[in-house]
Amino acid sequence: MADSYLVDPDVGFIKEVGRLGGADVKKCFQCATCAVACPISPDTKPFPRKEMIATSWGLKDRLIGNGDVWLCHNCGDCSTLCPRGAQPGDVLAAVRAATVIEYATPKALARMVSDPKQLPILLAIPALIFLTVGLLLKMVGVDWLNFAPGGDHLWQADYISNYLVDIIMIPTFFGAVAVFALGLKRFLADMHANALKEGKTDKEKIDPVGFLQSLVKIVPTILKHQKFNECTDNHERSTAHMMVLFGFIGLFIVTNSFFAAEWVFHIEGPYSQINPVKWLANISGIALLIGGVLLLKNRLAKKDQVSSYWDWYLVGLVLSLAVTGLLTQMLRLGGMYDLSAFIYFLHLIFIWALFAYTPFSKLAHIVYRTVAMAYQEYSGRT
């Protein structure tokens with residue numbers, strides 16, 4: 001006999017999912033086309049039908065901490081085939097956004113990141129941080145912020161010192177890591193509890209070693225976008241995602257390489273255009289730009305899918321990072337040093353936003369989905 005379950009609808013959660021792009025869940029009449037159509041849904045306890053039912057009823061406790069919500073790659077096949085236009089892919093995307101907000105610390109900042117009206121404030125914060133710290137240091141004789149440096153062949157560090165950038169960016173990065181750590185600790189515990197309750201696993205406790213082995217095992221799957229490539233109608237969307245992913249990976253390697261060059265080996269820039277790391281920087285920046293353009297193109301082309309602010313924030317951030325990064329270098333090489341420095345300042349604002357707001361934005365799916373996929377592998381669920 002099945003366990004009894006007292007239904008306690010959370011109307012506020014239903015409204016939150018609607019605000020985040022899942023309002024069409026009301027059209028669902030539970031035909032299960034989505035669960036049958038999904039090429040990556042497990043054979044046991046398949047999604048997204050049960051998640052659509054839980055969302056329409058406002059069963060927040062069945063969704064927050066549900067790993068299946070993150071196994072969905074939002075390829076859109078289910079939404080394309082839905083006879084009612086209930087947009088299951090978009091509903092699950094909205095539930096994921098609500099999950100990120102739920103596990104974020106502080107939640108107020110997560111809600112700001114999901115609200116387009118707060119964007120000017122969110123971008124003003126890093127601008128004020130750089131200017132305030134730079135001017136305060138200038139007052140005590142540390143000249144790491146210079147509005148009018150003299151000399152020829154200037155580069156961005158003559159205006160905004162790399163040391164100023166590093167003392168601001170490094171704490172921001174590790175702050176974001178700490179926020180993720182706090183959220184993931186709760187998420188993993190809730191995901192395991194949900195799996196036990198719904199019969200998705202027979203493992204009473206999570207073995208850390210076994211889980212880490214599963215995490216390592218699914219990394220190639222993520223890098224090759226194997227799950228996304230199993231989709232049918234929207235298979236081509238994987239190209240844009242891979243361009244962005246590998247663009248970020250390349251730029252992460254570049255950033256750490258130049259950081260080591262300056263702080264460990266005391267080799268200061270600007271670096272030669274024939275430097276291999278510089279090649280990687282340029283290739284990665286172009287890949288990020290192309291990926292961002294493809295993301296934009298795909299979003300505009302899919303008229304049958306909802307694009308929420310959550311989606312546009314990601315597209316806008318990717319394009320802003322790529323354009324300002326490439327323009328900074330091109331303008332410097334063209335001798336337009338002051339304009340290059342201004343664009344670089346904008347670039348720093350977007351980089352800070354990338355670090356600081358990732359745990360609260362759609363980009364958090366890189367971390368949460370990875371953990372969910374590792375748990376699926378660990379639990380032996382197919």
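Odds and ends about this structure:
- Checking Val100 against (1) assigned by TED's automatic domain parsing to the domain that holds Gly269; (2) touching a residue at least 24 places away in the same chain (Cβ under 8 Å), the condition it does not meet: (1)
- Contacts under 6 angstrom Cβ, first residue in region 191-202 being not assigned by TED's automatic domain parsing to the domain that holds Val69, partner at pLDDT 85 or above and outside any helix (DSSP H, G or I), 6 or more apart: Met191/Gly65; Met191/Gly67; His192/Ile206; Asn194/Gly65; Asn194/Asn66; Ala195/Thr201
- Checklist (1) touching a helix residue (DSSP H, G or I) at 6+ places or on another chain (Cβ under 7 Å); (2) within 19 Å of Thr358 (Cβ to Cβ) applied to Trp312, failing item: (1)
- Positions within region 72-94 being within 15 Å of the chain's Cα centre (by Cα) and touching a residue at least 60 places away in the same chain (Cβ under 8 Å), in sequence order: His73, Ala93, Ala94
- Filtering region 246-276 to residues that are within 18 Å of Leu333 (Cβ to Cβ), surrounded by fewer than 16 Cβ atoms within 10 Å (Cβ to Cβ) and of a type in the set (A, V, I, L, M, F, W, C) leaves only Ile274.
- Qualifying residue in region 161-171 (condition: part of a helix (DSSP H, G or I), under 19 Å from Tyr378 (Cβ atoms) and among the acidic types (Asp, Glu)): no
- Unmet requirement for Trp279, which otherwise passes all of (1) within 30 Å of Gln87 (Cα to Cα); (2) surrounded by 12 or more Cβ atoms within 10 Å (Cβ to Cβ): (1)
- Number of the condition not met by Leu295 [criteria: (1) modelled with pLDDT of 95 or more; (2) buried (at least 19 other Cβ atoms within 10 Å of the Cβ); (3) among the hydrophobic types (A, V, I, L, M, F, W, C)]: (1)
- The one condition from (1) at pLDDT below 90; (2) closer than 16 Å to Gln376 by Cβ; (3) of a type in the set (Ser, Thr, Tyr) that Ser214 does not meet is (1).
- The residues on offer are Ile167, Ile218, Ile206, and the sole one that is under 22 Å from Pro126 (Cβ atoms) and either over 20 Å from the mean Cα position of the chain (by Cα) or not assigned by TED's automatic domain parsing to the domain that holds Glu51 (or both) is Ile167.
- Selection from region 222-240 of residues that are at pLDDT 90 or above and loosely packed, with under 15 Cβ neighbours inside 10 Å: Leu223
- Yes/no for Trp310 being part of a helix (DSSP H, G or I), among the aromatic types (Phe, Trp, Tyr) and more than 21 Å from Ile168 (Cα to Cα): yes
- When Pro359 is tested against the conditions (1) buried (at least 18 other Cβ atoms within 10 Å of the Cβ); (2) more than 18 Å from the chain's Cα centre (by Cα), the lone failure is (2).
The values are calculated or read from the model by the stated rules, or taken from the named source; none is laboratory data. No experiment lies behind these values; they were computed from the predicted model shown. Cβ sites come from the backbone with ideal geometry, for glycine too, and all protein chains shown count toward neighbours.
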